[in-house]
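Below is one structure; the comments refer to it alone.
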Amino acid sequence: MTAYLVIREGSKWTDVFRLVDGESITVGRAPTNAIVVKDERCSRNHAEVFQSQGQWMLRDLDSRNGTLVEERQFAGDPFDVPPGAATYRYEQDLARPADIFDLSPRVSAAWTFRSQHVGGDAPRSLPLLTMRFTPPVDQHNQTSARVIVLPIAFQRPPGAGTPLVVRASLEVSFDEGARWSRVPVAVIGDRAFAIVVHPSSATSVSLRSSATDLQGNRVEQTIVRAYGLAP
């Protein structure tokens, strides 16, 4: 079956390349690539397209901005990726009606991690980090305290490894993400603690955080209006 690689800019096709069975091609800004992309977002040697077991595969060549494998409106459906070791970035965004959900109307998370094919039929869990915040709030998810110690737990899927968390950061916003301020965070094993000072005029607190473990796995999370502030 004849296969083609299509270069698009938005919805417009700018070029089409025929893929030849048994031959691999590289893509990047450098003139030595078979396909030269003149875009600063593209690395000099960005990606390789090759054939494996009769199927065309794509391999990122440690590019600066990575290579988007697939994008879907709804998560959950599986799709194939190359078997070799590679760095992936997986993003999720959740939006809920603000007139129904007063807190957490917008939540987003992005995971950057390494993965590759493993032997056997059983899947192996990846050590994807999640930061769980447990602010000291009442039954309405509000607090009237002007200063709190915010506990944070680093969690991973069941059966996954637990590489040591080496860096964590937290920013807070009191205007639903228009402006952010960094707050101090102390990491102790699989837990961390942050000190948050609430302005007297604020009505809610949004959280933007990140954490990286010893293997380079990284998570970035944003929760708009994570908890409320009582008068």
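The values are calculated or read from the model by the stated rules, or taken from the named source; none is laboratory data. Computed from a predicted model, the values in this text were never measured in an experiment. Positions of Cβ are backbone-derived with ideal geometry, glycine not excepted, and every protein chain shown enters the neighbour counts. SASA here: full protein model, heavy atoms, side chains in, ligands and nucleic acids out. Shrake-Rupley method; radii C 1.70, N 1.55, O 1.52, S 1.80 Å.
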| task | Work from the charge dipole of the stretch 104-181 (Cβ charges, +1 for Lys and Arg, -1 for Asp and Glu, about the Cα centre) and give the residue of S108, A178, L164 farthest towards its positive end. | result | L164
| field | Loop GluC sites (Glu not before Pro), the stretch 14-60, which have at most 14 other Cβ atoms in a 10 Å radius of their Cβ (DSSP) | value | E23, E40
| query | Counting only Cα, what are the radius of gyration and maximum Cα-Cα distance Dmax of the chain, in Å? | reply | 22.0, 69
| remark: Filtering trypsin sites (Lys or Arg not before Pro) in the stretch 135-195 by DSSP loop and by at most 12 other Cβ atoms within 10 Å leaves R146, R179
| I25 paired with A202, simple spin-label distance in nm, labels 7 Å along Cα-to-beta-carbon | 5.2
| Roughly how many debye, to the nearest 20, is the charge dipole of the stretch 72-231 about its Cα centre, given +1 on each Lys and Arg Cβ, -1 on each Asp and Glu Cβ, and no other charges? | 400
| task | Might you tell me the accessible area per residue for the stretch 119-231, computed with a 1.4 Å probe and given in Å²? | result | 54
| query | R0 = 41 Å: FRET efficiency of R18 with A160, Cβ-based, nearest 0.05? | reply | 0.45
| field | the chain: most fluctuating residue of A110, A186, A95 per GNM, C-alpha cutoff 10 Å | value | A95
| remark: Applied in sequence order to the stretch 172-187, the curve 6.51 cos²θ - 1.76 cosθ + 1.60 (Karplus, θ = phi - 60°) yields integer Hz couplings, x standing for Gly and Pro, of 10, 9, 10, 9, 6, x, 5, 9, 10, 10, 7, 10, x, 10, 10, 9
